[in-house]
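S.K.: Dropping a structure here in structure tokens format, bear with me for questions.
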Amino acid sequence: MFNIVLVHPQIPQNTGAIGRLCINASLNLHIVKPTVFSLEEKAVRRAGLDYWKKLNPKIWESLDEFLEINKDKFDRFFFATTKSKKPYFETKFQDGDFLLFGGESTGLPMELMKKNFDNAITIPMSKDGRSLNLAMSVGIVAYEAIRQNYSSYKINL
């Protein structure tokens, strides 16, 4: 099962939609505080529909806490960013990988990515674009990871 990690998400509707995606795609969701909204907000629940009750996301009080608990898995952290030239589809994902995504207006902290920038990945875009919606980005990268591991992944058709 892949791990989606939202570091300081800012838009409750995106977080709700990502939660819905996680239930449908058998993904673990980790949310790293601080967030600028309450996870109890109606907007999160509305976007997540009735799936939000089934989700049970792992909430981390800080990035430091998340990193300390998961330090032995750091080599399987992948950082989604516009600062990389490595397309996400050139990465060989493995079951259990952590796919990290930053807040909508801030992205992931550069100091975090510098710890293993070889694992920084990007979604190619035209020169006219700056970034994609967070929920859309999570879906694109997550389903590539699932595609690569589909024969052993537990999703029903």
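None of the figures in this text is laboratory data; all of them are computed from the coordinates on show. If you're wondering where the values come from, they're calculated on a predicted model, not measured in any experiment. Note that each Cβ is placed from the backbone with ideal geometry, even for glycine, and that neighbours are counted across all protein chains shown.
S.K.: Find all pairs meeting these conditions: Cβ atoms under 7 angstrom apart; at least six residues apart or on different chains; first residue within the stretch 75-88 and in contact (Cβ under 8 Å) with a residue 12 or more places away in the chain and of a type outside the set (S, T, N, Q); second residue surrounded by 15 or more Cβ atoms within 10 Å (Cβ to Cβ) and part of a loop (DSSP other than H, G, I, E, B).
M.R.: What qualifies is R76/D97; F78/T91; F78/D97; F79/L108; Y88/I123.
S.K.: Pick from K127, K154: which is without any contact (Cβ under 8 Å) to a residue 12 or more places away in the chain, assigned to a loop (DSSP other than H, G, I, E, B) and either out of contact with any helix residue (DSSP H, G or I) (no Cβ under 7 Å at 6 or more places or on another chain) or crowded, with 17+ Cβ neighbours inside 10 Å (or both)?
M.R.: On the way: K154 fails: without any contact (Cβ under 8 Å) to a residue 12 or more places away in the chain.
Among K127, K154, only K127 is without any contact (Cβ under 8 Å) to a residue 12 or more places away in the chain, assigned to a loop (DSSP other than H, G, I, E, B) and either out of contact with any helix residue (DSSP H, G or I) (no Cβ under 7 Å at 6 or more places or on another chain) or crowded, with 17+ Cβ neighbours inside 10 Å (or both).
S.K.: Can you spot a residue in the stretch 118-136 that is under 13 Å from V5 (Cβ atoms) and touching a Lys or Arg at 6+ places or on another chain (Cβ under 7 Å)?
M.R.: So in the stretch 118-136, the residues under 13 Å from V5 (Cβ atoms) come out as 119, 134.
Subsequent filtering for residues that are touching a Lys or Arg at 6+ places or on another chain (Cβ under 7 Å) retains none.
There is no residue in the stretch 118-136 that is under 13 Å from V5 (Cβ atoms) and touching a Lys or Arg at 6+ places or on another chain (Cβ under 7 Å).
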